[in-house]
Amino acid sequence: MKKSVLSLVVTAGMAGTLLVPQLSFALSESQKIQQQLDQLKKQQSTTQQKATDTKNEIGKVQTEKQQTEDEVKSLQKQIEAANLKLNELNDQIASTKDDLKENGKLLDEVKEQIASRDALLKSRLRLMYMNGVVSYADVLLSSTSFSDFLDRMNALKSIVAQDKEILEANQRDRATKETKQAQIEQELKQVSDLYSQSATVQANLVAKEKEKEVKIASLNQKEKDLESISDDQEQQLLQYARKSAQLAADKRKAAAAEEAAAAAKAAQAAAKGNSGGSSGGGAKAPSGTSSAPVATGGGKFGYPLAKTAPMSSDFGYRSDPFTGVRTLHKGIDLAAPNGTDILAAGDGDVIVASWWSGYGNTVIIDHGNGYWTLYGHIRNGGTVVEKGDHVKRGQKIAEVGSTGESTGNHVHFEVRINESPVDPKPYLK
């Protein structure tokens with residue numbers, strides 16, 4: 001009895017292990033692909049969070065970049081002010097040097113005059129010593145007549161006046177000499193101070209120039225980081241779109257294969273049921289399989305708006321409105337009011353319908369044979385399709401906005417062939 005129970009348990013266990021793979025194999029290929037699509041959709045929330053974090057990081061870098069630009073402008077103003085101060089100091093030094101030179105010449109002249117008068121006074125004293133001292137009274141009393149007395153009186157007055165003038169002039173020149181010497185010493189000290197100030201300003205100027213160079217290098221690095229973040233985001237977008245497009249294509253092929261297999265199986269059953277009798281018209285051919293959309297291009301895409309709109313930015317290289325760096329603008333910008341309907345440019349499958357990097361809210365449609373169209377900067381809440389939807393040409397897919405790196409309401413429209421952007425204009429009717 002125990003052996004029979006044990007055998008039953010073992011048999012049941014083996015049956016269970018065999019049943020699991022059989023159940024897994026019971027899933028059709030299209031169902032497996034759908035599972036992958038569902039899994040990709042689940043991963044999208046995580047990717048979306050990363051994209052949001054990256055967007056915040058870009059915003060932070062842009063803020064830092066703006067701060068750095070403001071700091072560079074402030075430094076430039078300080079450098080200009082320092083240069084003006086330096087020019088002013090140089091002018092003061094030049095003027096003071098001129099004053100020094102002039103005062104030096106005047107001092108030399110005063111010294112010469114003092115030396116000349118000193119020589120004259122010494123000569124007078126020497127003459128008086130050699131001839132003996134003669135009193136003014138003796139000179140006057142030795143006059144022979146009244147007129148001679150007057151002449152001698154006038155001569156004595158003239159001599160006294162000359163002596164007095166020589167002495168007073170000497171005193172004035174000596175005072176001038178002392179004043180000029182003090183003035184020259186002060187001016188020399190002023191020149192020394194000016195040179196010291198000039199050296200300080202020049203050192204500060206060199207430091208400011210160095211700081212400016214560092215800031216500019218930092219700014220350039222931030223711009224490169226910003227470009228790198230944008231490039232990484234675009235690669236993530238392309239990778240995500242590529243995987244979605246491949247899974248959608250595999251699903252179409254699997255569905256077509258399953259439909260063909262089902263049709264063949266039905267035909268075999270019908271043939272078996274009708275064996276030995278009339279064929280009853282035979283089995284129908286399989287219904288048309290869903291194939292990838294026919295490749296479009298060469299003026300075969302429809303305009304993405306109901307009415308022609310001004311093109312605010314063309315395809316090609318331009319200065320990025322946020323970074324200022326010259327980059328390739330991979331599509332065309334069509335200016336339109338917020339909420340304007342955005343239309344599918346052709347039949348295809350939606351492979352992206354979410355927020356992505358600088359594109360903001362984005363829709364990408366796979367038209368088959370490597371042709372994609374991209375619609376960016378859709379307003380928040382303005383996307384009306386989901387990833388996996390099949391859309392028709394002219395069908396509303398979203399509404400115009402200004403999300404992502406956008407400076408105004410418009411739709412950014414791209415045409416890509418094998419993921420590479422091309423000028424969209426030749427592909428629009």
Report the accessible area of Thr340, computed with a 1.4 Å probe over the heavy atoms of all protein chains in place, in Å² rounded to the nearest 10. 40
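Could you give the length gained on full extension between Gln92 and Ala263, defined as 0.36 nm per residue of separation minus the Cα-Cα distance, in nm? Could the numbers behind the result be given before it?
Working: separation 171, 0.36 × 171 = 61.56 nm, distance 10.27 nm.
Fully extending the segment from Gln92 to Ala263 adds 51.3 nm.
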What full-extension length gain, to one decimal in nm, is calculated for Leu167 and Glu109 as 0.36 nm per residue of separation minus the Cα-Cα distance? 19.2 nm
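Find the percent of Cα-Cα distances in segment 336-429 that exceed 17 Å, and round it to a whole number.
On the way: 1887 of 4371 pairs.
In whole percent, the share of Cα-Cα pairs in segment 336-429 beyond 17 Å is 43.
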Considering only protein heavy atoms, what is the solvent-accessible area of His329 at a probe of 1.4 Å, reported in Å² to the nearest 10? 10
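The values are calculated or read from the model by the stated rules, or taken from the named source; none is laboratory data. As the structure is a computational prediction, the values presented were derived from the model and not from experiment. Ligands, DNA and RNA are excluded from the accessible area calculation, which covers all protein heavy atoms including side chains. Shrake-Rupley method; radii C 1.70, N 1.55, O 1.52, S 1.80 Å.
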